Amino acid sequence: MARKKHKSDPNRPWWAGPDRTPRWYEILFVLCFFGGFAAIALYLLFSAVKQGVGSEATQGTVVAFETHRDSENRPTYAAVVEYQVGDKQYRCLGTASDPPFHYVGQKVQVLYNSQSPDRGYVDSFLDRWLPGLFVTAITLPLLAWAVFSLFFSRKLYNWLQKRARA
């Protein structure tokens with residue numbers, strides 16, 4: 001027996017989502033896709049918080065830039081920051097960007113682990129918080145839209161249609 005082809009309502013608005021229940025693998029794919037980006041966002045934010053827990057702060061100086069290449073082979077520049085703990089000098093890298101977030105000679109705050117002072121992080125909004133907040137600001141609305149589209153948009157549309165007819 002041949003399956004009937006499902007015909008969609010041509011007057012249905014884009015936000016109403018499909019007029020059929022999504023299949024389990026469609027739901028799984030969408031939730032894994034957007035959930036993966038949400039997991040990356042949470043990891044970046046958790047890392048930013050973790051950098052500050054149990055850390056000491058000191059003043060560092062940008063002494064150079066380390067050149068990196070992005071996915072399109074364009075150069076990006078990470079600040080090399082030198083800082084001192086006790087009598088020993090250490091170096092850490094900032095976030096790579098183009099143009100660079102800092103300039104040579106700039107004084108920046110550095111967070112370091114008191115048990116291993118060689119693990120330092122540049123403590124600026126751009127280096128510490130921006131990557132996580134940027135990914136979160138993009139991901140959470142998309143994840144909310146995906147969940148709404150999969151589970152609630154069809155119900156809302158049908159409810160509005162019933163109210164309009166009444």
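Please give the length that would be gained between V147 and A64 if that part of the chain were fully extended, namely 0.36 nm times their separation in residues minus their C-alpha to C-alpha distance (nm, one decimal).
Extending this stretch completely gives an extra 25.3 nm.
So how strong a dipole does the chain carry about its Cα centre when Lys and Arg Cβ are +1 and Asp and Glu Cβ are -1, to the nearest 20 debye?
Roughly 1780 debye, rounded to the nearest 20.
The label point for E72 and the one for L140, both projected 7 Å from the Cα toward the Cβ, are 2.8 nm apart.
Taking only C-alpha pairs under 8 Å that are 6+ residues apart, what is the relative contact order of the chain in percent?
Contact order relative to length: 26 percent.
What residue among K88, K107, K50 has the largest mean-square fluctuation in a Gaussian network model of the chain, using Cα springs under 10 Å? Evaluated over the chain, the most mobile residue of the options is K88. The simple Förster model, with R0 at 45 Å and r as the Cβ-Cβ distance, assigns F46 and Q161 a FRET efficiency of 0.55. Computed with the Debye formula from one identical point scatterer per Cα of the range 55-127, without solvent, the log10 of I(q)/I(0) at q = 0.12, 0.17, 0.27 Å⁻¹ comes to -0.31, -0.58, -1.18. For S55, no residue has an amide H sitting under 5 Å from its own, ignoring neighbours fewer than 5 places away on the same chain, with H placed 1.01 Å from N.
Between G36, G60, G94, the Gaussian network model of the chain with springs among Cα atoms under 10 angstrom shows the greatest mean-square fluctuation at G36. Among the GluC sites (Glu not before Pro) within the range 39-123, those in coil by DSSP and having at most 13 neighbouring Cβ atoms inside 10 Å are E72. Here's the picture: charge each Lys and Arg Cβ at +1 and each Asp and Glu Cβ at -1 in the chain, and of H68, T139, P99 the one pushed furthest to the positive end of that dipole is T139.
For the chain, the tally of Lys pairs with Cα-Cα distances below 28 Å comes to 9, considering only residues 8 or more apart or on different chains. Applying D = kT/(6 pi eta Rh) to the chain, where Rh is the Kirkwood radius over alpha-carbon pairs, T corresponds to 37 °C and eta to 0.692 mPa s, the Stokes-Einstein value obtained is 165 µm²/s.
A prolate overall shape is assigned to the range 106-159, the ratio a/c of its alpha-carbon gyration tensor axes (a ≥ b ≥ c) being 1.5 or greater and a/b exceeding b/c. Using a Gaussian network model of the chain in which every pair of alpha carbons under 10 angstrom is joined by a spring, one finds that among V62, V122, V104 the greatest mean-square fluctuation is at V104.
Using C-alpha pairs below 8 Å separated by at least 6 residues, the relative contact order for the range 70-166 is 18 percent. How charged is the neighbourhood of Y83? Take every other residue with its Cβ under 11 Å from the Cβ of Y83, and add Lys/Arg as +1 and Asp/Glu as -1. With Lys, Arg at +1 and Asp, Glu at -1, the net is -1. In the range 55-127, Cα pairs under 8 Å separated by at least six residues give a relative contact order of 34 percent.
Where a number appears in this text, it was derived from the coordinates with a stated rule and is not lab data. Everything quoted here is computed from the prediction, not taken from an experiment. Cβ atoms come from the backbone with ideal geometry, glycine included; neighbour counts cover every protein chain shown.
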